[in-house]
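Engineer: Just dropping this structure here.
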Amino acid sequence: MKVLGLVASYRKFGNTEVLVKEAALAASAGAEIDLLRLTDLKIESCKGCMACVFKPESKCLIDDDMEEFLEKMRLADGLILGAPTYVLAPPGILKLLLDRFLMLYGRYDDFRGKKAVAIGVAGLPGWAPFTVPFLNYFLLAFGYDAVGSMMAFSPGPGEVLLDERSVLEASSLGAKLLAAMQGRPVEKKAGPNTCPVCGAEFFAIRSNRAECPICNVGGRLVPEGDGFSIVFDPQGLQHHRWTAEEMKRHFTDWILQTGKRYMELRPEIEARKAKYRRLRYDQ
Ligand SMILES: Cc1cc2nc3c(=O)[nH]c(=O)nc-3n(C[C@H](O)[C@H](O)[C@H](O)COP(=O)(O)O)c2cc1C
């Protein structure tokens, strides 16, 4: 078995790298380890051409390291994804990679169900609301079974090593990944009022319900003490946005249909575009 560690920080031997390596060390009790610094990859922005969906026989037209990245992931049985927090969320390299995920269309099964864990680091608590939810939905969008995640807080490169609790947590996360890969039962823990799928602690409130905008799951707000707690619908949790069925449905019932619809509407759209083509502000 093989575990791939992904480090999304430029800082060599920084907090992300040492925690990913700590988790990898625990997983190495039963798996071979490979490490990839995502910042070494040349990844360009998705151009939105949709060729990967509408002409799946032709590869993505962008000539960069995306295929190499997908191949590394395909060859590994498990994943440790680590990232720092930049302005409340993980750095842009992860969004660049995620925006290319339509390339998986037609080969989604390469990743579906493989186990993964996520490690986020940040300077200080309260300043990283999107880090763990983003890392988890990155994994889920690529089809992984996200079995655990953690957040550590330390500003200086490698300073997290002085926080023994976080180092231990990373080690436990690596052991949990290995256990899940070996088919042993692992508990997916979510704190109170936390999305059980992605770990978000922010919700859209609609009437007496709270809904996770990332995973499309929610539950009733039930009075508890002076406040409320969310009781998630167990049925809804089985059908969150990132399940194989929902993703497939999104592809076939929505994305693929947009192509046909657009071709029918195109003459009308082009006629309306003419006005804007004449406005050459970019000359
Ligand atoms: C550009 C930039 C933006 C940052 N933004 C945040 C932030 O919004 N919240 C936070 O808690 N820490 C922030 N940090 C601190 C890093 O998340 C923190 O130092 C982390 O440990 C870096 O991990 P690394 O050593 O693996 O690079 C920022 C750091 C940089 C360089």
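Engineer: Among the residues of the range 115-172, which ones are open to solvent by 50 Å² or more (accessible area, probe 1.4 Å) and part of a loop (DSSP other than H, G, I, E, B)?
Structural biologist: Residues satisfying the conditions are Leu124, Pro125, Gly126, Trp127, Pro129, Phe130, Pro155, Pro157.
Engineer: For the range 84-99, indicate whether the set of residues that are under 18 Å from Glu67 (Cα atoms) and acidic (Asp, Glu) is non-empty.
Structural biologist: yes
Engineer: Identify all residues within the range 22-44 that are farther than 12 Å from Gly78 by Cβ, open to solvent by 60 Å² or more (accessible area, probe 1.4 Å) and in contact (Cβ under 8 Å) with a residue 24 or more places away in the chain; write none if there are none.
Structural biologist: Selection gives Leu25, Ala29, Glu44.
Engineer: Name every residue in the range 25-48 that is farther than 30 Å from Ile255 by Cβ and more than 15 Å from the ligand (Cβ to nearest atom), in order of residue number.
Structural biologist: Leu25, Ala26, Ala27, Ser28, Ala29, Gly30, Ala31, Glu32, Ile33, Asp34
Engineer: Residues being more than 23 Å from Lys189 (Cα to Cα) and either of a type in the set (Lys, Arg) or open to solvent by less than 70 Å² (accessible area, probe 1.4 Å) (or both): count how many of those fall in the range 201-245.
Structural biologist: 1
Engineer: To continue, here is another question. Would you point out which residue out of Leu102, Leu97 is within 14 Å of the chain's Cα centre (by Cα), within 23 Å of Thr252 (Cβ to Cβ), more than 12 Å from the ligand (Cβ to nearest atom) and not in a loop (DSSP other than H, G, I, E, B)?
Structural biologist: Criteria check complete, one pass: Leu102.
Engineer: Residues Lys176, Lys189: which one is open to solvent by 80 Å² or more (accessible area, probe 1.4 Å), among the charged types (D, E, K, R), farther than 22 Å from Arg11 by Cα and out of contact with any His (no Cβ under 6 Å at 6 or more places or on another chain)?
Structural biologist: Within the list Lys176, Lys189, the selection yields Lys189.
Engineer: Continuing with this model, one more query. When you check Ile80 against the structure, is it part of a helix (DSSP H, G or I), closer than 21 Å to Phe134 by Cβ and at pLDDT 95 or above, yes or no?
Structural biologist: no
Engineer: Take the range 49-88 and flag every residue that is in contact with a helix residue (DSSP H, G or I) (Cβ under 9 Å, 6 or more places away or on another chain) and either hydroxyl-bearing (Ser, Thr, Tyr) or within 16 Å of the ligand (Cβ to nearest atom) (or both).
Structural biologist: Once the filter is applied, which keeps residues that are in contact with a helix residue (DSSP H, G or I) (Cβ under 9 Å, 6 or more places away or on another chain) and either hydroxyl-bearing (Ser, Thr, Tyr) or within 16 Å of the ligand (Cβ to nearest atom) (or both), the range 49-88 yields Ser58, Ile80, Leu81, Gly82, Ala83, Pro84, Thr85, Tyr86, Leu88.
Engineer: Take the range 246-283 and flag every residue that is outside any helix (DSSP H, G or I) and either among the hydroxyl-bearing types (Ser, Thr, Tyr) or surrounded by 10 or more Cβ atoms within 10 Å (Cβ to Cβ) (or both).
Structural biologist: Tyr281, the sole residue that qualifies.
Engineer: Being touching a strand residue (DSSP E or B) at 6+ places or on another chain (Cβ under 8 Å) and either among the aliphatic types (A, V, I, L, M) or without any contact (Cβ under 8 Å) to a residue 12 or more places away in the chain (or both) is the filter here, so list the residues in the range 161-175 that pass it.
Structural biologist: Across the range 161-175, the qualifying residues are Asp163, Ala170, Leu173.
Engineer: Quick check: anything in the range 2-21 open to solvent by 10 Å² or more (accessible area, probe 1.4 Å), over 22 Å from the mean Cα position of the chain (by Cα), in contact (Cβ under 8 Å) with a residue 12 or more places away in the chain and within 29 Å of Tyr105 (Cβ to Cβ)?
Structural biologist: Taking every residue of the range 2-21 in turn, none turns out to be open to solvent by 10 Å² or more (accessible area, probe 1.4 Å), over 22 Å from the mean Cα position of the chain (by Cα), in contact (Cβ under 8 Å) with a residue 12 or more places away in the chain and within 29 Å of Tyr105 (Cβ to Cβ).
Engineer: Tell me which residues, restricted to the range 83-94, are part of a loop (DSSP other than H, G, I, E, B), more than 13 Å from the chain's Cα centre (by Cα) and surrounded by 15 or more Cβ atoms within 10 Å (Cβ to Cβ).
Structural biologist: Thr85
Engineer: Only residues in the range 176-194 that are assigned to a loop (DSSP other than H, G, I, E, B) count as the first member; pair them with residues that are open to solvent by 60 Å² or more (accessible area, probe 1.4 Å), Cβ under 7 angstrom, at least 6 apart or cross-chain, and list the lot.
Structural biologist: Asn193/Glu201; Thr194/Glu201
The values are calculated or read from the model by the stated rules, or taken from the named source; none is laboratory data. In this text the structure is predicted, and so the values were computed from the model without any measurement. Backbone-built Cβ (ideal geometry, glycine too); neighbour counts: all protein chains shown. Side chains are part of the model used for accessible areas, which takes the heavy atoms of the whole protein and leaves out ligands, DNA and RNA. Shrake-Rupley method; radii C 1.70, N 1.55, O 1.52, S 1.80 Å.
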